[in-house]
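A quick write-up on the structure given underneath.
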Amino acid sequence: MPKGSPELTASRREEIVNACEKLYQTMSFKEITMRDIGAVTSFTRTSIYNYFQTKEEIFLALMQREYEHWTAELEAIADTNEEMTVGAFADTLAHSLENHEQLLKLLAMNHYDMEENSRPERLTEFKVAYGASLDAARRCVEKFFPDADCESFIFVFFPFLFGVYPYSVATEKQITAMREAGIQFRMHSLYEIVYSCIMQLLGGK
């Protein structure tokens, strides 16, 4: 790590993550290179390696930030509501994830390779953010639905999130292939899928 103030280090890391986020809006994970990321930062490409050793570490940091933002929203839901019906909670949580489509897109990636190609300390930082989202979700369920099986909700809901994006977003190529394969399907929105899952998990009607 280069010498400099903690503020400068944090600012440089944030700029790199922002560059990755910008590229990810129009390019796939496989297409994006460290050179591409360096081209949209204010410093040299080789300087990136002072902050992130691999492309996977940058994407992991991006996903960590997404988890942190979503966790803040979950905590706000618990703090600003005394009680919620299942329907209201499902609606609020579905809208929250609808606003974090990028998190769900990242979750649909190959996590094994991403984590395997990141240093232990970077992976630990990510796991802290992930764990905080679990705790925030638990807090909501325990507060609003004390009779529900909270751990069962967590056990099903969080793995479920890994598959939401591919079921709610499809390219024309994918849609054409489905049609040519003779598969009957209807695309559902991210909101519809998440809302339905929560309603079923919490016994809503």
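Take TYR167 and tell me if it is at pLDDT 95 or above, in the same structural domain as ASN81 (by TED's automatic domain parsing) and touching a His at 6+ places or on another chain (Cβ under 8 Å).
The answer is no for TYR167.
Scanning the range 180-192 for residues that are part of a helix (DSSP H, G or I) and exposed (fewer than 11 other Cβ atoms within 10 Å of the Cβ) turns up just one, GLU180.
Within this structure, VAL40 fails the test of being within 22 Å of LEU190 (Cβ to Cβ), of a type in the set (A, V, I, L, M) and over 18 Å from the mean Cα position of the chain (by Cα).
Residues satisfying the criterion are present in the range 90-104 (criterion: assigned by TED's automatic domain parsing to the domain that holds HIS188, β-branched (Val, Ile, Thr) and on the phi < 0 side of the Ramachandran plot). Residue count for the range 123-163 under the criterion of being part of a helix (DSSP H, G or I) and either at pLDDT below 95 or of a type in the set (Asp, Glu) (or both): the result is 4. Among the residues of the range 75-113, those that are assigned to a helix (DSSP H, G or I), over 13 Å from the mean Cα position of the chain (by Cα), in contact (Cβ under 8 Å) with a residue 12 or more places away in the chain and surrounded by fewer than 16 Cβ atoms within 10 Å (Cβ to Cβ) comprise GLY87, HIS95, ASP113. Screening ILE154 with (1) of a type in the set (A, V, I, L, M, F, W, C); (2) touching a Leu at 6+ places or on another chain (Cβ under 9 Å); (3) buried (at least 18 other Cβ atoms within 10 Å of the Cβ) gives one miss only, at (3). Residues that are surrounded by 15 or more Cβ atoms within 10 Å (Cβ to Cβ) and not β-branched (Val, Ile, Thr) within the range 131-141 comprise ALA132, SER133, LEU134, ALA136, ALA137, ARG138, ARG139, CYS140, listed in sequence order. Across the range 29-74, the number of residues qualifying as without any contact (Cβ under 8 Å) to a residue 40 or more places away in the chain and under 15 Å from LEU107 (Cβ atoms) comes to 1.
The values are calculated or read from the model by the stated rules, or taken from the named source; none is laboratory data. Everything quoted here is computed from the prediction, not taken from an experiment. Methodologically, a virtual Cβ is constructed for each residue, glycine included, from the backbone with ideal geometry; neighbour enumeration extends over all protein chains shown.
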